[in-house]
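Contents: one structure, followed by commentary.
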Amino acid sequence: MSILITGGTGFIGSHTVVELIEAGETPIIVDNLSNSKEIVLDRIQTITGIRPKFYKADLCDMTALDTVFAENPDIESVIHFAGLKAVGESVSLPLQYYYNNLVSTLNLCECMKKYGVKNLVFSSSATVYGDPAEIPIKETTPLGQTTNPYGETKKMIERILVDVHKPNPDWSISLLRYFNPVGAHESGLMGEDPKGIPNNLFPFVTQVATGRRPYLSIFGDDYDTHDGTGVRDYIHVVDLARAHLCALKRARKVTGVEVYNIGTGHGYSVLDIVKAFEEATGKKVPYKVVARRPGDVATCYADAAKAKEVLGWEAEFDMVAMCRDADRWQTMNPNGYDA
Ligand code: NAD
Ligand code: UFG
């Protein structure tokens, strides 16, 4: 049996494909390469010895997606990573974000119905909690106001999947709310490859540490946190990848819609990260404090107890591993996947 991985050449998808192969599963990737590169398949092959089947296709193209299902009648589950994810870009390109993220998911559900595939794991985000009503954040914490179209697509898709489940009660749908995925594969062969100037903290820090950028801008030091800078729950991408395997195992046994926070349960401030990175790698991270970034919340970290109790999953890698692996990837691939 095969598992369809949408967005499987992307950052989190590619790491999940490696973990699936190493667990003896057969992933099939579909990706339109809008935010990833085909060379990722070479890297997956180098790490695992297996080159997964790959379709370059857009999930918004129903004919192309139908072909993937028609040609692979052994698909029994789907992990749905495909989507546009840049918060700032979503504010300037709302139509593109709503169209891409919603239409791709609707098409995917149509195909799953048509071909009798009943297990779906969806990449949601802690962004659905908005400015969280409580810390640490539980799955029962009320959803909040999102501040951008990207976040709204995650909330809308969660709702769509809950509604899709009602007339299809034999489906199993896992909504995984990721906190802040960082780090890279320990081989240094796969990692995060943002286009242009990174929006997220970790890729920015690694680019500063390796001299590609002069300094880190810290967005505000007047938040109500232990040192005034924003606090987040950073999770190693390989831990996150493994959470998908646990969700998949459970999806094969139970039906229903289940929500899980996927984080470590620990909060690190921006200054904590600078210090941890310098200690773990021996490299300096010069910084300047600048104005707050609109839409940022002060503190966001998970109560990850449910994933441990029900899925039997918990994060294993610590902050030292996150920093070292991110730095190794950046050092071995100063221009990301570009030669
Ligand atoms: P990514 O951009 O590296 O991977 C997403 C992949 O989806 C890319 O390879 C892209 O080419 C592909 N894609 C986009 N639209 C597509 C379409 N219409 N058809 C086919 N392929 C398409 O992002 P990532 O960091 O790996 O994130 C994976 C998922 O996790 C996304 O849904 C993202 O919103 C979610 N998520 C990410 C984070 C994070 O910080 N990285 C946090 C929370 C949730
Ligand atoms: N930060 C800086 N300087 C930078 C980048 C970030 O100070 O150059 C700070 C931010 O202000 C924040 C922290 O570092 O306090 C983390 O910022 P990121 O941009 O790395 O991550 P966010 O928590 O803002 O957002 C991430 C993902 C979103 C997702 C959200 C919740 O990018 O897609 O987590 O899961 F929605």
- Item | Segment A64-A133, extension gain: residue separation times 0.36 nm, minus the distance between their alpha carbons | 20.7 nm
- Between helix 270-281 and the chain: long-axis angle, C-alpha atoms, 0 to 90°, nearest 10: 90 degrees
- Query: What per residue convex hull volume, in Å³, do the alpha-carbon atoms of the stretch 1-127 yield?
  - Reply: 103 Å³
- Query: Could you give me the ³J(HN,Hα) list for the stretch 122-138, computed from phi with Karplus coefficients 6.51, -1.76, 1.60 and θ = phi - 60°, whole Hz, x at Gly and Pro?
  - Reply: 10, 7, 9, 8, 4, 4, 5, 7, x, 7, x, 6, 8, 10, x, 7, 9
- Message: Quick check: with the 1.4 Å probe, what order do I137, I39 take by accessible area, largest first?
- Response: I39, I137
- Note on the structure: Summing -39500 (n - 2.57) over every DSSP H run of at least 4 in the chain, dividing by its residue total and rounding to the nearest 500, the 222 nm mean residue ellipticity is -11000 deg cm²/dmol
- Scaled radius of gyration (Cα, divided by 2.2 N^0.38 Å) that the stretch 75-183 gives: 1.09
- Ranking C60, C111 from most to least accessible area with a 1.4 Å probe gives C60, C111
- How big is the antiparallel share of DSSP beta bridges in the chain, given as a percent to the nearest 5? 5 percent
- Message: Can you return the lysines within cross-link range of K275? Criterion is Cα-Cα under 22 Å, with same-chain partners fewer than 8 residues away left out.
- Response: K283, K284, K288
- Query: According to the Cα gyration tensor, what semi-axes, each the square root of 5 times an eigenvalue, does the equivalent ellipsoid of the stretch 145-300 have, listed from largest to smallest in whole Å?
  - Reply: 33, 19, 14
- Task: Sort out for me the Cα centre separation of the stretch 1-73 from the stretch 222-292, rounded to whole Å.
- Result: 25 Å
- Compute the acute angle (0 to 90°) between the alpha-carbon long axis of helix 149-165 and the principal axis of greatest extent of the alpha-carbon atoms of the chain; round to the nearest 10°. 30 degrees
- Query: Any idea of E110's accessible area? Nearest 10 Å², probe 1.4 Å.
  - Reply: 100 Å²
- For the pairs K53/K155; K114/K138; K85/K138, note any where the Cα-Cα span goes beyond 28 Å. K53/K155; K114/K138
- Using alpha carbons only, what's the Rg to Rh ratio of the stretch 201-285 with Rh from Kirkwood? 1.12
- Any idea what angle helix 319-332 forms with the longest principal axis of the chain, computed on alpha-carbon atoms, 0 to 90 degrees, nearest 10? 80 degrees
- Item | 10 °C / 1.306 mPa s Stokes-Einstein diffusion coefficient of the chain, Kirkwood radius on C-alpha pairs, µm²/s | 79 µm²/s
- Once the piece of chain linking V91 and S34 is laid out straight, how much longer is it, given 0.36 nm per residue of separation minus the C-alpha distance between them? 18.7 nm
- Item | Quotient of C-alpha Rg and 2.2 N^0.38 Å, computed over the stretch 121-224 | 1.36
- Separation in nanometres of the label points that stand 7 Å from Cα toward Cβ, at K114 and V289: 5.6 nm
- Estimated translational D of the stretch 26-66 in µm²/s (Stokes, Kirkwood radius over Cα pairs; 10 °C; 1.306 mPa s): 144 µm²/s
- Where trypsin sites (Lys or Arg not before Pro) fall in DSSP loop in the stretch 195-242, at most 14 other Cβ within 10 Å: K195, R212
- Per residue solvent-accessible surface (Å²) - the chain, probe of 1.4 Å: 43 Å²
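The values are calculated or read from the model by the stated rules, or taken from the named source; none is laboratory data. Note that the structure is predicted; figures quoted are calculated from it, not measured. Every residue, glycine among them, receives a Cβ derived from its backbone with ideal geometry; neighbour counts consider all protein chains shown. Calculation scope for accessible area: heavy atoms of the full protein, side chains included, ligands and nucleic acids excluded. Shrake-Rupley method; radii C 1.70, N 1.55, O 1.52, S 1.80 Å.
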